[in-house]
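Okay, so here's the structure we're looking at.
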Amino acid sequence: MNSCIQCGGIPKYKCPTCLQPYCSVLCCKEHKERPCSAPSKPEVNALKETSINYEFPTEDTVPPEKLELLKSTELKKCLENPHVRTILELLDKSPHPDELIQKYMQEPIFTEFVDACLNVVEPEETVDKL
C-alpha cells in the first residue's frame, strides 16, 4: 500500500489532480502549497500493445485481435439505427441479458447486427460446419 506523500502515514484520500495519496486535511493543505499536475496518460500505441489476460477464458472467449475487427463499416452501419443502440443499452443494463437476447433475436434489425458481429468474429468455414 502507498503511504502519504507528506508524512508517510496511512493514506485515506487522493489528490484530485495528481492522484497522490495523503492522510489528512493538514497533509492535503501542505500538498496544495506546491503545484502538482495530472499523471501522464499512456500513449494509444502503448495501450494496444498490452495484452488482455482473461481471468476465466472459455471456448467462447474472443481474442482481442478479433474484437478489433468489430470496427467494421457494416457494424457501424447497423449501429446508426437508434433501435439497435437502444436494444444494446437495455441488454447492457439488464441483470438477465440472456433472457432479453431471446426476445430481441426475434427482431430482424437485431439479428442483422448479430450476424454482422458473427461474420467478423467467426470465419465463414466455422459457420458452414455448424
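We did not get these values from a lab; they are worked out from the coordinates using the rules stated. These numbers come from a predicted model, not from an experiment. When we count neighbours, we look across all protein chains shown, and the Cβ atoms used for this are built from the backbone with ideal geometry, even at glycine.
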Peptides ranked, highest mean first, by Cβ atoms within 10 Å: ranges 71-84, 9-22: 9-22, 71-84
Peptides ranked, highest mean first, by Cβ atoms within 10 Å: ranges 88-101, 55-68, 105-118: 105-118, 88-101, 55-68
Summed residue charge, Cβ within 15 Å of ILE109's Cβ, Lys/Arg positive, Asp/Glu negative: -2
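What does the charge add up to near VAL62, with Lys and Arg as +1, Asp and Glu as -1, over the other residues with Cβ less than 11 Å from its Cβ?
The answer is -4.
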Extension gain (nm, one decimal) between LEU26 and LEU88, 0.36 nm per residue minus Cα-Cα: 17.6 nm
Net charge of neighbours whose Cβ lies under 15 Å from the Cβ of HIS31, counting Lys and Arg as +1 and Asp and Glu as -1: +3
